[in-house]
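The values are calculated or read from the model by the stated rules, or taken from the named source; none is laboratory data. Keep in mind that this is a model prediction, so the values were computed, not measured. When we count neighbours, we look across all protein chains shown, and the Cβ atoms used for this are built from the backbone with ideal geometry, even at glycine. Ligands, DNA and RNA are excluded from the accessible area calculation, which covers all protein heavy atoms including side chains. Shrake-Rupley method; radii C 1.70, N 1.55, O 1.52, S 1.80 Å.
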Amino acid sequence: QVQLVESGGGLVQPGGSLRLSCVASGSIFGISTMAWYRQAPGEQRELVAYITSSGNTNYADSGKGRFTISRDNAKKVVDLQMNSLKPEDTGVYYCELIVRPGQGYWGQGTQVTVSS
């Protein structure tokens, strides 16, 4: 059974930084692609970044140059370092362990609010 627990959200001023963490349980973390999504109020959930089991990364255009996704397979943790935050980065951030396209496990989300 896979469980994901996100942490690290909060209120930050524009230009600030936050580091989100997602801790996984279960035995398939090390062989799975992990992703971070954001859901803004009234919007659909959108992909922010993902990292494959071998460490290859990909970012949505909105976060390129500002966000960094990383993982520690020994600790079963995936992080999202977010710098130069903007108000449009506000939303609930979810971690996903991707089993296969269209199937995965989700955490409960962590709220990020960027506001002065």
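So what does the Cα-only Debye profile of the stretch 10-66 read at q = 0.12, 0.22, 0.25, 0.27 Å⁻¹, as log10 I(q)/I(0), no solvent term? Treating every Cα as an identical point scatterer, log10 I(q)/I(0) equals -0.37, -1.09, -1.23, -1.27.
Counting Lys and Arg as +1 and Asp and Glu as -1 over every other residue whose Cβ lies under 10 Å from the Cβ of Gln81, the net charge comes to +1. Taking amide hydrogens as placed 1.01 Å from N in the peptide plane, the amide H of Gly107 sits under 5 Å from those of Cys95, each at least 5 positions away in sequence or on another chain. When a 1.4 Å probe is rolled over the protein heavy atoms, the share of accessible surface on the chain that falls to carbon and sulfur comes to 47 percent.
Between Ala74 and Thr113, the C-beta separation translates, for a Förster distance of 25 Å, into a calculated FRET efficiency of about 0.20.
Taking the DSSP bridge list for the chain and keeping only pairs wholly inside it, about 95 percent are antiparallel.
Of the trypsin sites (Lys or Arg not before Pro) in the stretch 17-116, the ones in a loop by DSSP (not H, G, I, E or B) with at most 14 other beta carbons within 10 Å are Lys64, Lys75. Under a 5 Å amide H cut-off, with hydrogens placed 1.01 Å from N, Val48 pairs with Trp36, Tyr37, Arg38 among residues at least 5 apart or on other chains. Set the Cα radius of gyration of the chain against 2.2 N^0.38 Å, with N its number of residues, and you get 0.99. Amide H contacts for Thr33 (H built 1.01 Å from N in the peptide plane; partners 5 or more residues away or on another chain; cut-off under 5 Å): Ser53, Ile98.
The convex hull of the Cα atoms of the stretch 67-109, projected and averaged over all directions, covers 4.0 nm².
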